[in-house]
Amino acid sequence: MTEQLQPHDIRGNPVRVGLPMAMLAELTHRCPLACPYCSNPLELARVSSELTAGEWAGIFRQAADLGVLQVHLSGGEPASRRDLAEIAAAAHEAGLYVNLITSGIGLTEARLRELDGLVDHIQLSLQGIDAEMADWISGYGGSFARKMQVAEWIGAIGFPLTLNAVVHRQNLDRLPEMIDLAERLGCRRIEVATVQFHGWADLNRRPLMPTLEQAKRARAVVNEARQRLRGRMVIDYVPADHHAAFPKSCMGGWGSTGLNIAPDGIVLPCHAAQTIKGLEFENIRDTTLARIWRDGAAFNAFRGTAWLPEPCASCERREVDFGGCRCQAMAMAQDPTATDPVCSRSPFNARLRAEAEADSESDDVALVYRRMARETRP
Amino acid sequence: MTGPHLSNACIPYLPRGVRLHDDRVRGIRVLLAPERAMQLDAVGDAILSELDGRRSLADVILTLCERYSAPVEQIEGDVHEFIAGLIDRRMVFLSQSEVAFP
């Protein structure tokens, strides 16, 4: 007898499976930069394990058939792949909206021209407002000057540009200048995202944790700039988790609209999901994207709200934030089904806030770079 | 927040990086933009499909009035509100600086 297995969450409740809209394609974990808050896992995928351009082309077609509308070509640094244009062309041919997320390092004017007509939009990372800050944070001398050159080429070719400013205690006070820079570069958008303290960033909590005072000022700066720049530039702002009363809805809800493909083909519900012990992840080389999306145990584990513990289960916000971030729950509560400790209703919240406050008062400016070398500011 | 005042003489268009898309999987029309995918209803789709970067907003409104046999006042209000919202989000551009912010 064969029984049709219905997708079920980590507690055995049946779940409803929707359609994915966005896919993060991590083309490589290679990167010339060494940002101490890199979102890649501590254990980086080896070059020899990377999916080929041909494999990516098949994945893009599967993704479009499954309902994905936008693909984010990311890494590591996607320009570290010599076949980036071939990969972008495949995504474009699959009918996807192609977003390139880059530091700019490795892109030349000629390479950008190859991407013209294939890439719909470019997001350029910003580590600081000048070479001193940006090169220190990125651990790469000359990165700021090259990035500014790349921004100029992007503008000349005509790609729509978003500046991705990652902010933390060391650079948050320069936020007004970051917004001015985005305006000067002709950006339509600037994303101001506070560091998420997972993985590499968790190793750098003391130098990077913003103070509460900084977060308040940043909010005021953003509000003022939104008014002033209305109709000229959009500002998306992601404040620090630790200063919020309620958590964010991670990925808009686990397994609801987004998925992530790691360089070696592992398919993940979020980029940090591998920090959750006990979940099993599948590789696109072994099966289809549709099967992983619908039947993958990791994707179904935290779908919907039936698995939620208290205080989430009876919370009026359960359909808003879905209990928040699973990786954060794992990291602090040692339990991936716990309420996100960021939530003011979590029993771990007092500890989380106390630790964040203590870290934000640290004098430590020694960064643990992504390449695992410990260096101090020159 | 009140929207920008739009002149019917302005020429709105979808800038590079913003495009209409037939979502065959869901059977809907969507507007794709940086970090955004917006489901369009029939009205939104009809308005945006008329933006060619050559004709003025007045021409677009008249075309829609004729097609839907609707009064100008009604169509004009819908079009202004919809386009103004997209201008704010940088998903529609104007080829003349006809937009004034109060």
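Read-outs throughout are calculated quantities, based only on the coordinates presented, and are distinct from any laboratory measurement. Keep in mind that what you see is a predicted model, and the values were worked out from it rather than measured. So basically every Cβ, Gly included, is an ideal-geometry build from the backbone, and we count neighbours across all protein chains shown.
How far, in nm, would the chain grow between A:A156 and A:D65 when pulled straight, counting 0.36 nm per residue and subtracting the alpha carbon separation?
Value of the extension gain: 29.3 nm.
Spatially, region A:285-333 and region A:4-23 are offset by 10 Å when compared through their Cα centroids.
Measuring how big the protein assembly as shown is from its alpha-carbon positions, Rg and Dmax come out at 23.0, 71 Å. Taking only Cα atoms and a 10 Å spring cutoff, compute GNM fluctuations for chain A and point out the largest among A:G231, A:G296, A:G54. Looking only at A:G231, A:G296, A:G54, the biggest GNM fluctuation is shown by A:G231. Taking label positions 7 Å along the Cα-Cβ direction at both B:T63 and A:S344, the computed distance is 5.1 nm, reported to one decimal.
In region A:251-343, Cα pairs under 8 Å separated by at least six residues give a relative contact order of 24 percent. Between A:A145 and A:E357, residue separation times 0.36 nm minus the direct Cα-Cα distance comes to 72.9 nm. Computed 3J(HN,Hα) for region A:7-23, one whole-Hz value per residue from the Karplus formula 6.51 cos²θ - 1.76 cosθ + 1.60 where θ = phi - 60°, is x, 9, 7, 5, 9, x, 6, x, 10, 9, 9, x, 10, x, 10, 10, 10, glycine and proline marked x. FRET efficiency for the B:A70 to B:R26 pair, using the beta carbon distance and R₀ = 25 Å, is estimated at 0.35. Spin-label model, A:T52 to A:R291: label points 7 Å out along the Cα-to-beta-carbon direction sit 2.1 nm apart. Counted over the protein assembly as shown, the DSSP beta bridges are approximately 35% antiparallel.
Strictly greater than 28 Å: what percent of every Cα pair in region A:22-250 meets that? The proportion of pairs with Cα distances above 28 Å equals 31 percent. If R0 is 30 Å, the Cβ-Cβ spacing of A:R371 and A:R113 corresponds to a FRET efficiency of close to 0.45. Dipole orientation for the protein assembly as shown: of the candidates A:A63, A:M178, A:G253, A:M178 has the Cα lying most toward the positive pole (charges on Cβ; Lys, Arg +1; Asp, Glu -1).
The fewest-to-most ranking of B:H5, A:H242, A:H168 by surrounding Cβ atoms within 10 Å reads B:H5, A:H242, A:H168. In whole angstrom, region B:48-91 maps to an equivalent ellipsoid with semi-axes of 18, 13, 7, each derived as √(5λ) from the alpha carbon gyration tensor and ordered largest first.
Per residue, the average separation of C-alpha pairs within less than 8 Å and at least 6 apart gives chain A a relative contact order of 20 percent. With each label modelled as a point 7 angstrom along the Cα→C-beta vector, the B:H5-A:L5 pair spans 6.5 nm.
Using alpha carbons only, the radius of gyration of region B:12-90 set against its Kirkwood radius gives Rg/Rh = 0.96.
The phi-based Karplus calculation (6.51 cos²θ - 1.76 cosθ + 1.60; θ = phi - 60°) puts the 3J(HN,Hα) values of region A:188-196 at 7, 9, 10, 9, 10, 10, 5, 3, 8 Hz, whole numbers, x for Gly and Pro.
Helices that extend 27 Å or more along their long axis by alpha-carbon positions and average at least -1.0 on the Kyte-Doolittle scale are absent among the DSSP H runs of chain A.
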